[in-house]
Each structure stands twice: as C-alpha cells, then as structure tokens.
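A.B. asks: Can you read through this structure? Questions will come right after.
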Amino acid sequence: MRKQRTILPLYFTTILFFSAPVLVPRWILFILTLALAKFIGVLGVALFLRGGLVSLGHALFLGAGAYTAGLLIKWFGIREAFFYLFLGPACGALIAALFGAIIARYRGVFFAMINLAFSMILYSVLLKFYWLTGGTDGISIGTPSFLGITPAKEALQHILYYFVLISAGIATYATYRFLESPLGYFLKALNDNEIRIEYSGESVQKIIFITYIFSGALGGLAGVLVSFSVGHIVPELTFFLQSAELLMIALLGGIGSVFGTLFGAIAFEFIRTYAYKYSPETWQMTLGIIMLFLILYQPGGIWAIYESLVAKFRSRWERVKVG
Amino acid sequence: MNFAIIIFADGVIYAANLFLLSVGMTMVYGVLRILNISHGAIFALGSYMATSLALKVLAQGYSPYITYPALILGALIVGLTTGPIIERLFLRRIYGRPVAIQLILTFSILLVLDDLMKMIWGTNPIFVSEPCTLLGEVSVGGIPYLSYNLLLVGISLFFGALLFWIVNKTRLGKLIISVISDSEISSAMGINVNRIYLIAFTIGALCASLGGALIAPTTASVPGTALNVVSLSFAVIAIGGMGSIEGAALGALIVGLSRALCIHLFPELELLSIYLIMVIILFIRPQGLLGKVELRRI
C-alpha cells in the first residue's frame, strides 16, 4: 500500500527533473544544480535529525570534499569529474571515520558543539594557511572534464546538471536503503529511547558511528558537486553559517521523508535567489522570517504541508467514491 | 621576560573582551537550557546602538565625556527591548522542544536582526574612538597600553563578580537556582517560573548588549560581527562549562592567553588554537572545565 502511494510521485519527479533543462531557462538550471548538490549534504544532516541528534558542523564534510577537489586541481591539475565522484565521498567518510569514534560518545548540545569545533578547525586551517589554500581568495575550480573530455562552455551547464542529478539520485537511493536497513530503524528509535536500543542488543555508539561515516560520505560528495557547480571555493564553505544553513534546509523541508529534504533544498535556493533579487540588503531577513513562521506554526516543514494536503484530497476522494 | 609580560597582558585584555561577549550566552544556557544563537545579534545591535548614540552626542557638540553614559544607554535600550521581546514572542513557545528547533529558531532571529542592522546603519563600518582615546595610555612594564583596554579588564571582573553575587547571594539568584534544579517543583512551590525565565533571558541579553557597547570603541561595528561573536562564544563557554559563569571567565582566560601566545609566536595558528583547545577540552571533560556533570540517558 505504502509503496504504491510513493511510486507515482517518484515517477513524475524523476521525469520532471530529467526534462528540466528543456523546460526552464539557464539561470534556473544553475539554481537547480546547486540545490541538488546541497541536497546531498543536507541528507546527512537530516539522517541525524531523525535520530534526534543535531550537528552544527556538517559543513566540515562539505569543505573537505570541496577542498579535496580544489587542492588536487590547483596543485596537480586533475580535472576528471568521475574521479572526484569517488574521491569526495571517500575523503568525507575517512574524516568521519577518524573522528566518528570520539563523536559517537556525545548527545544533545554536546554533539552539536563538538561537531562545530571540528568544522571550525578545518575552517581556520583553510583561512590561515594562505600558501596552501589561497585563504579568503579561495581556489578557482575551472571546467571539469568528463571521462577525459572537456565539454564546451555552452554544453557545460547541461552536462553538470545531469551529472549532479544522477549523483543526487544515487545518494537518495543509498539513503533510502540505509533508512530501510535494521541500522536505519535503530537510528529512528534513537530519538525515542536510547536505553531500549541497548537492551535489544545493539550498540548505540556503533549506530552513531556508522551513520556518521555515511553522512560524512554524503557531505564529501556534496562538497565536490558544489565546488563544480559554483566553480569557485572559499573557506566559508566550512564556516558555522554553512552548517546552520544545512540544518535550516533540513528543517525547511521536513525530516519525515527524503523527498521533503529535496523540496526543502530547492525551496531554499529559490527563496534565497528571489529574496536576493527583490531586496538584496534584506534577503537574510526574508529567510529568517519564513523559518520563524515555519518553526512556530508548521514544525514538520514543507513535507508536512504536502502530506496534509494529500490526506485532505484523499479523504474527499473516498467520500466521493462512497457517496 | 619582557616578552612574557606582553603576551600575558595581551592575553588578559583579550580574555576580558571574550568574557564580556560570552557571559550572556552561558547565563541563558544555564537557566533556559537553550543555546541562544541570537546572542551574537544582540551583541552587534548593542555595539551599533551605542556607537551611533555616542556619535550623536559628539555631533551635538557635548563634552566627549558624555559618550560614556551614551554607550551605556545604548546598551540598556537594546538589552531591555530585545530580551523580553525575544523571550515572550519566540522562546516561550519552544521550551522543551528538540534542540534542532531551538537552534534554528534562535538562528533565524539572528538573521532577522542582522539585516535589521544593515537596514538601519548600512553596510559601512561605524566607529567612535573618543571613549578610547580620551583616557590616554598607561605604561605597563615599559610597554604603553590603552587605558580603556585596562578599564575593560576591570569592568569584566566587576561584571563577573556582580553576576556571581546576583546568582549566589540574592533572593532572585536563589529563585533562579531553584528553577534550574527543577522547574516543576519550583512552580509547585509558588515560584513564577515564566517570570524567572524572562528575567534570566533579559539579563543574558543585557550582558550581550553591554558587552557589545563596551567593546565597540576598541573595534568598529561591522556587518558580520554577530556570527563571529557566536562562534567565539561557543568555544569559550564549551571550554569553561556551559551554564557556568565562573566557567565563562576561565574559558575566556584560557582562550585569551592561548590566542595572545599564538599571535606573537605562530600567527597562522591564531584561530586554530581556539578550536583545538575546544576539541581537547570536550574530549577530556565533555561538560567543560567547570560544568556540572549532567545525568546521561545511559
């Protein structure tokens, strides 16, 4: 029953996304590319939110992925996009595995704090070691090559879009499988009752550790894709503001569903673009006010609005059928 | 030897700044159990308001000594308005909700206030130097220091002592401690818990705006202050122990001294050292140096 309900929207979403380059102008395509790239990073944050854990430092992985690509391009000139498609997640997962065992011991506000501290360490390294990273000037990424072919400038936007779209599809499927695995169910249970998980014979620290590695890989992938779609990376990618933004997108979309996160990411980029277009001085304020209203009146995010609409229509439909 | 004195003096001055900018956050966390990200915006708002009032005073041709009360007045205006408004309108609705909701709510308030400041004061830095230059310089161990900086050290000591006195020696403090220990029992005993929350948050907001106003003459008020203040305060209060006023003082001192040491010896490690210490402290003592151990769910 549940499967049937999700298969139709999934089908239409996929078709819409694949035909987007024909349907929308170029500048919207750019926003979509960026939104999809960030969406992958937000998935990692949303995973932890399901477990009731808040990370204020997931931009660490974004920065790790982006600067892995940036440094290799700057110092060695490796531009192969498919290479980074594997290297980014690997790098994120490696960093997560290094610190994950420590981080898995923390809960609540301490979990947020230690994540923040780790991300700020990377931020200060990127900012201050000018000779290596270019400091605040950042690194220019340039045009990536795909399987050895460097695309022409006109085609680049489309190719990049499909590249990011397919990566996002893979990441979504992986997250879906993760959530459907026993570990994923335990992760959801973490929010309700940690002690009962331990009683049922599963180690909570192990759950958090593995989730951390997985979300680190997602973050690394997102970092690589963000760096390709923007074309320029700066240390701000790992700053506290970026982490808060990821968290914000997750809550905007609603953490109940992977689709919610997707719509949250797209809505966020569009709100930002339009707010920036109509009032460049106060786009943060627009965003802040929307978030305040959402948190106070619709804490489930956009997805909850969608679900309540669907439920309303369905009940009306049933009534029509019966009557 | 002389070098050590320089590092020590710089460190203490920076620590005084850090204490002023983070003590409000630890106060709010201690009572309300909410990590108040909007703290940084209140700090920046206080610094903008105080600076612009002081500039108005100078523009009217009054004696530059009037700038001191103008700074304090600016801080009081900001603290006494933003504090109650934020607590009554927003925070009251999210007590006991998930941490993510609390963080993003206070972060949204920061975004709104940050742009409000840009709308009022523009994006160019504003700066009033009179309170700072008026006092002249003092020589400590042969090195000249701005007297205002030494005054800040005194003020932050006084400030810490005052807060400590309020929490530990007055009736209000006893009520606050009782609410911290158990808000349900407190309200059963007839304490108006909501009012204590309101008072505690307003004290926190006042600390933030006063800190902003007092630090303003030594640096300019610029957009982006709010976020830097937040990430620094996080480090200071996590090191000292979240919710502990003495902890904020100790954390400020540690961060201040280590930063001074790094600036003089390894300038590249300036920012890194702060967060490295934060990670090490969180690793050894997750509750911070002077924080109380919280009961864990396992």
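A.B. asks: How high is the relative contact order of segment B:45-88, in percent, counting Cα pairs under 8 Å that sit 6 or more residues apart?
C.D. replies: Details: 34 pairs, mean separation 19.7, N = 44.
Normalised by residue count, the contact order of segment B:45-88 is 45 percent.
A.B. asks: Could you go through segment A:82-94 in sequence order and give the Karplus-derived ³J(HN,Hα) for each residue, using 6.51 cos²θ - 1.76 cosθ + 1.60 with θ = phi - 60°, rounded to whole Hz, and x for Gly and Pro?
C.D. replies: 3J(HN,Hα) across segment A:82-94, in whole Hz: 5, 4, 6, 4, 9, 5, x, x, 4, 5, x, 5, 5.
A.B. asks: Let's test the formula: R0 of 51 Å, r as the Cβ-Cβ distance of residue B:284 and residue A:177. What FRET efficiency results, to the nearest 0.05?
C.D. replies: Values: r = 38 Å, r/R0 = 0.74.
The computed FRET efficiency comes out at 0.85.
A.B. asks: Evaluate E = 1/(1 + (r/R0)^6) for residue A:270 and residue B:56, where r is the Cβ-Cβ distance and R0 equals 35 Å; express this FRET efficiency to the nearest 0.05. Walk me through the numbers on the way to the answer.
C.D. replies: Working: r = 41 Å, r/R0 = 1.18.
Here the calculated transfer efficiency is 0.25.
A.B. asks: Fewest to most neighbouring Cβ within 10 Å: what's the order for B:193, B:28, A:54? Present the calculation step by step, with values, prior to reporting the outcome.
C.D. replies: Details: B:193 17, B:28 29, A:54 25.
Result, fewest neighbours first: B:193, A:54, B:28.
A.B. asks: Cross-link candidates for residue A:312: which lysines have Cα within less than 20 Å, leaving aside residues fewer than 8 places away along the same chain?
C.D. replies: A:3, A:321
A.B. asks: Can you give me the relative contact order of chain A as a percent, contacts being Cα pairs under 8 Å and 6 or more apart? Walk me through the intermediate numbers first.
C.D. replies: Working: 464 pairs, mean separation 104.7, N = 323.
So the answer I get is 32 percent.
A.B. asks: Would you work out the relative contact order for segment B:2-284, in percent, from Cα pairs under 8 angstrom that are 6 or more residues apart? Provide the component values of the computation, followed by the final result.
C.D. replies: Values: 454 pairs, mean separation 111.6, N = 283.
39 percent.
A.B. asks: Neighbouring Cβ atoms within 10 Å as the yardstick, rank A:319, B:285, A:105 fewest first. If you can, show how the numbers build up before the last one.
C.D. replies: Details: A:319 9, B:285 14, A:105 17.
Fewest-to-most ranking of A:319, B:285, A:105: A:319, B:285, A:105.
A.B. asks: Here is a further query. Check which residues have an amide H placed less than 5 Å from residue B:140's amide H, if you skip close sequence neighbours.
C.D. replies: The answer is B:145.
A.B. asks: Describe numerically, in nm with one decimal, the distance between label points set 7 Å from Cα along Cα→Cβ at residue B:219 and at residue A:278.
C.D. replies: 3.5 nm
A.B. asks: Something else now. With only alpha-carbon atoms in the gyration tensor, what are the semi-axes of the equivalent ellipsoid for the protein assembly as shown, in Å, largest first?
C.D. replies: Numbers: eigenvalues 351, 174, 121 Å².
Value: 42, 30, 25 Å, ordered largest first.
A.B. asks: Convert each backbone phi in segment A:69-76 into a coupling constant with the Karplus relation 6.51 cos²θ - 1.76 cosθ + 1.60 (shift: θ = phi - 60°), then list the ³J(HN,Hα) values in order as whole Hz, x for Gly and Pro.
C.D. replies: 5, x, 5, 5, 6, 5, 9, 10
A.B. asks: Would you compute, from DSSP H runs of 4+ residues alone, the mean residue ellipticity of chain B at 222 nm, taking -39500 (n - 2.57) per run and dividing by the full residue count, rounded to the nearest 500?
C.D. replies: On the way: 12 runs with 217 residues, N = 298.
Helix contribution divided over all residues of chain B: -24500 deg cm²/dmol.
A.B. asks: Let me check I have the definition right: for chain A, take the eigenvalues of the Cα gyration tensor, multiply each by 5, take square roots. What are those semi-axes in whole Å, largest first? List each step's numbers first, then the result.
C.D. replies: On the way: eigenvalues 189, 138, 75 Å².
Result for chain A: semi-axes of 31, 26, 19 Å.
A.B. asks: For segment B:98-170 and segment A:133-151, what is the separation of their Cα centres, given in Å?
C.D. replies: Between the Cα centre of segment B:98-170 and that of segment A:133-151, the gap is 41 Å.
A.B. asks: What are the ³J(HN,Hα) couplings of segment B:166-180, residue after residue, when phi is run through the Karplus curve with 6.51, -1.76, 1.60 and θ = phi - 60°? Round to Hz, x for glycine and proline.
C.D. replies: Per-residue couplings from phi come out as 4, 6, 9, 10, 10, 5, 4, x, 4, 4, 4, 4, 5, 5, 4 Hz.
A.B. asks: OK, next. May I ask for the distance between the Cα centers of segment B:246-281 and segment B:13-30, given as a whole number of Å?
C.D. replies: About 15 Å separates the Cα centre of segment B:246-281 from the one of segment B:13-30.
A.B. asks: Counting only residues 5 or more places away or on other chains, whose amide H sits under 5 Å from the amide H of residue A:80 once H atoms are built in the peptide plane?
C.D. replies: Hits under the 5 Å cutoff: A:145.
A.B. asks: Using 7 Å Cα-to-Cβ label points, what is the residue B:189/residue B:5 separation (nm, one decimal)?
C.D. replies: 5.1 nm
A.B. asks: Once the piece of chain linking residue B:97 and residue B:268 is laid out straight, how much longer is it, given 0.36 nm per residue of separation minus the C-alpha distance between them? Before the final figure, lay out each step's value.
C.D. replies: Numbers: separation 171, 0.36 × 171 = 61.56 nm, distance 4.04 nm.
So the extension gain works out to 57.5 nm.
A.B. asks: Per DSSP helix of 4 or more residues, -39500 (n - 2.57); summed, then divided by the residues of chain A. What does that give at 222 nm, rounded to the nearest 500?
C.D. replies: Numbers: 14 runs with 257 residues, N = 323.
That calculation yields -27000 deg cm²/dmol at 222 nm.
A.B. asks: Based on the alpha-carbon set only, what is the convex hull volume of chain B divided per residue, in Å³?
C.D. replies: Values: hull volume 42.5 nm³, N = 298.
Expressed per residue, the convex hull around the Cα atoms of chain B is 143 Å³.
A.B. asks: List the lysines whose Cα lies under 24 Å from the Cα of residue A:74, skipping any in the same chain that are fewer than 8 positions away.
C.D. replies: Reachable lysines: A:38, A:128, A:153.
A.B. asks: Would you mind ranking B:255, A:230 by Cβ crowding within 10 Å, fewest neighbours first? Intermediate values should be presented prior to the final figure.
C.D. replies: Working: B:255 26, A:230 17.
Lowest count first: A:230, B:255.
Read-outs throughout are calculated quantities, based only on the coordinates presented, and are distinct from any laboratory measurement. Just so we're clear, the structure is a prediction, and the values are computed from it rather than from any experiment. Quick reminder, even Gly has a Cβ in these numbers, built from the backbone with ideal geometry, and neighbours come from all protein chains shown.
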